[in-house]
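The next block holds one structure in the form of structure tokens; read it before the comments.
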Amino acid sequence: MLEKMQAAGGQKNSKNGPRARKRPLQASRGAGQLKRERLDGTTVGYFRRVTERLNEGFTDPEEKALFVENVLSEVKGKAWLVALDMTGSVALERLLSLADANQVAEMMSELGGEAGSEFRGVACDQCGGHVMESALRQAHRWTEETPAEENPEEEHCGMLETQVQSLSRAVREKITEFCTDPYGSHVLRTLIHVLSGCQSVEPTAPHAKKDRKSKSELLDFEIPTSFWWELKHLADCLMDNIKVCVSNQCAGVALQTLLTVCHRKRPILCRKLNKSIMGYLTSLSSAPGVSPLLVFLKDPSSSHLLQSVFSCSHDALLRDVYKKHLKTHMMTLALHPIANYTVQSLIAAAARSRVLPKILDELLEGFEAVLAAGHMGVVVQMVESCVHCVEKQSEMMQRLLQAFHCSEPASLQLCCLPLFLSLLTHEVYYNTETAEGDTAAQPPQRPLSVSYHGSRLVQALCGFRDRSVLMNSLHSLRSADLLSLGCDRSGSHALQALMTSGSDKGRAKILRKMQDIYVDLACSACGSRLLEAVWSSATVSQKQSIAEKLAPSESRLRSDQFARHIWAKFGLMNFLKRRSDWMEAQSGESRKRKMFSELLKD
């Protein structure tokens, strides 16, 4: 749902960076102006060439500054038209990211008009909204340099601060129009980040851009004191319109953003917001004997807000919510197609809370029902939380063994790792159920299969104190299974957790079984990463054993796109030519690692 709402604000173009958007048909700047003026064809062509020049980049900083100054001078006097034009807004958005504080402030002043009355017309436009966001994101540059005594930049920073305050006042005056508009809500969320002193930075790695679940990083920066007060006033304004924030998707996401940044920067204000939100939701009428919170937990829109509330809540609020509203209802919520996600957030937030054992007791009673419903996120989150609740670890492991039908007899427990990784019961995985329903004592061998949630489940189980059942099952795997697991995108993370969390003796036993597959692992994208992780936690003798198996395959390793990094990082050339130097270097690294681990323990 959040992805759809974010898509309404426009998506980044994968090639050039500007966001793809349709040309708006009309926009209202004033009451008497129903149809908007447009840029003429010549001007549109000019800004198209500006964008092309910006895409080429600049090697000389002076040339870039002069170019930005010249183009912005052309924009002056018609900033509104440029900001609301599909082509012009793309160029202006890029220019503002290169402009200095004075230029950004002047542009915001022209877009906002007198007293900021024109900000809404720009911010709530599908093109102008991106321009406003770009202008707001320049706030982090205020602290790049400390103003000198006669630095002219000092005055301009104050001017930019004034424009941000002006926008904040304009937002508060028409808060419902901003927070419910698909484009205005994005400007509101960016404004919240700026007022709190943090800025989201999109992931730069290619695989992170493709991953919809990847989260942008928040970077902190200094802000004027006035921004703290503006954030408080904005928070109070949103609380006065809490009904809109709960019922409207766009407004709800804006409130979630406020909760997230306050949890990071203003914990006292965050507590106040959480208390106000929960107070409003629980005060509404519902069916007799039914908490209104149960209704909101199952709602597609408000459930996202409650996820943020739980994630940002303190221990006392979580205990109060469970005791008064959720007790005896956890199983029903965990089986619900929408509410189960909120249950996951609740369990994660309560991981170190005294209420966690009570939540787990209630959910463990219907553990197999949750598995049957396919809500593996709930199961994984329960196991991950048990890492911090030692008294529940034994019961959780036993429930898992029973749920996957490998608890009795004890010999079946050797099969638990493949079952956990595939999330299939013993009968289904090995296809050993006979006509009478009995299970064969010796299951046939079959290729290892791994699922995403199965990998996360095994990684969480590696955090338990007693991992004997899991490690025994790992030792029973064949070398071919270990290769398949190590080369799998999800399975490699599970195998890494199993090997790095075990003792040196247990790791040595697995490494002996992997001796014949080191080269194949090194030539795999996932396997090479696994091999590097194992190398980092291995002893000197284990590293020597690994190097002895890899070194004879020099030509294959050095020609492979993944293995060549293994060859360089492991120092295998030195291993072949200067063995004593290699041993001395590895011994030094081992001593450093041991010293740092002892310091961390202290």
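The values are calculated or read from the model by the stated rules, or taken from the named source; none is laboratory data. Only a predicted model underlies this, so the values are computations on that prediction, with no experimental measurement involved. Reconstructed Cβ throughout: ideal geometry from the backbone, glycine too, with neighbour counts over all protein chains shown. Each accessible area value is taken on the protein alone, full model and side chains, heavy atoms only, with ligands, DNA and RNA left out. Shrake-Rupley method; radii C 1.70, N 1.55, O 1.52, S 1.80 Å.
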- Task: Kindly indicate the residue of the range 38-75 that is surrounded by 12 or more Cβ atoms within 10 Å (Cβ to Cβ) and of a type in the set (Asp, Glu) and also modelled with the highest pLDDT among those meeting that condition.
- Result: GLU69
- Task: Taking HIS453 as the residue in question, decide whether it is open to solvent by 20 Å² or more (accessible area, probe 1.4 Å), under 28 Å from SER484 (Cα atoms) and modelled with pLDDT of 90 or more.
- Result: yes
- Message: If I ask for residues that are of a type in the set (D, E, K, R), modelled with pLDDT of 90 or more and part of a loop (DSSP other than H, G, I, E, B), which ones from the range 119-153 would you list?
- Response: ASP125
- Which numbered condition trips up LEU511, out of (1) open to solvent by less than 20 Å² (accessible area, probe 1.4 Å); (2) not in a helix (DSSP H, G or I)? (2)
- Message: Criterion first (under 25 Å from ASP581 (Cα atoms), at pLDDT below 95 and either part of a helix (DSSP H, G or I) or not acidic (Asp, Glu) (or both)) does ALA533 satisfy it?
- Response: yes
- Given (1) within 18 Å of GLU161 (Cβ to Cβ); (2) surrounded by 14 or more Cβ atoms within 10 Å (Cβ to Cβ), number of the condition ALA115 does not satisfy: (2)
- Query: Do you know which residues across the range 195-226 are in a helix (DSSP H, G or I) and either at pLDDT 70 or above or open to solvent by 80 Å² or more (accessible area, probe 1.4 Å) (or both)?
  - Reply: LEU195, SER196, PRO206, HIS207, LYS209, LYS210, THR225, SER226
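Only one of HIS329, HIS304, HIS263 is modelled with pLDDT of 90 or more, farther than 30 Å from SER200 by Cβ and not acidic (Asp, Glu). Can you tell me which?
Matching residue, one of HIS329, HIS304, HIS263: HIS329.
Do we have any residue at all in the range 340-350 that's under 23 Å from LEU423 (Cβ atoms), in contact with a Lys or Arg (Cβ under 9 Å, 6 or more places away or on another chain) and crowded, with 22+ Cβ neighbours inside 10 Å?
Within the range 340-350 (the criterion being under 23 Å from LEU423 (Cβ atoms), in contact with a Lys or Arg (Cβ under 9 Å, 6 or more places away or on another chain) and crowded, with 22+ Cβ neighbours inside 10 Å), the answer is yes, since at least one residue qualifies.
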- Set GLY289, GLY252, GLY279: member being small (Gly, Ala, Ser) and closer than 18 Å to HIS193 by Cα: GLY252
- Task: Can you give me the number of residues within the range 79-109 that are open to solvent by 30 Å² or more (accessible area, probe 1.4 Å) and in contact with an Asp or Glu (Cβ under 9 Å, 6 or more places away or on another chain)?
- Result: 4
- Item | Failed item in (1) under 35 Å from the mean Cα position of the chain (by Cα); (2) without any contact (Cβ under 8 Å) to a residue 60 or more places away in the chain, with GLU548 passing the rest | (1)
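Under the condition of being of a type in the set (Gly, Ala, Ser) and assigned to a helix (DSSP H, G or I), which residue from the range 458-475 is most open to solvent (accessible area, probe 1.4 Å)?
Looking at the filtered set, the residue picked out is SER468.
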- Query: Got a number for residues in the range 349-381 being among the hydrophobic types (A, V, I, L, M, F, W, C), more than 16 Å from LEU318 (Cα to Cα) and without any contact (Cβ under 8 Å) to a residue 60 or more places away in the chain?
  - Reply: 9
- Of the conditions (1) open to solvent by less than 50 Å² (accessible area, probe 1.4 Å); (2) more than 21 Å from VAL321 (Cα to Cα); (3) of a type in the set (D, E, K, R), GLU362 clears all except one; give me its number. (2)
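Being touching a residue at least 60 places away in the same chain (Cβ under 8 Å), open to solvent by less than 10 Å² (accessible area, probe 1.4 Å) and not β-branched (Val, Ile, Thr): is that true of LEU401 here?
Spelling it out, LEU401 is indeed touching a residue at least 60 places away in the same chain (Cβ under 8 Å), open to solvent by less than 10 Å² (accessible area, probe 1.4 Å) and not β-branched (Val, Ile, Thr).
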- Task: Could you list all residues from the range 323-354 that are of a type in the set (Lys, Arg) and closer than 14 Å to VAL383 by Cα?
- Result: ARG352
- Query: When only residues in the range 275-310 that are among the aliphatic types (A, V, I, L, M) and part of a loop (DSSP other than H, G, I, E, B) count, which is farthest from HIS336 (Cα to Cα)?
  - Reply: LEU284
- Query: Of the residues LEU273, LEU326, which single one is over 26 Å from the mean Cα position of the chain (by Cα) and surrounded by 17 or more Cβ atoms within 10 Å (Cβ to Cβ)?
  - Reply: LEU326
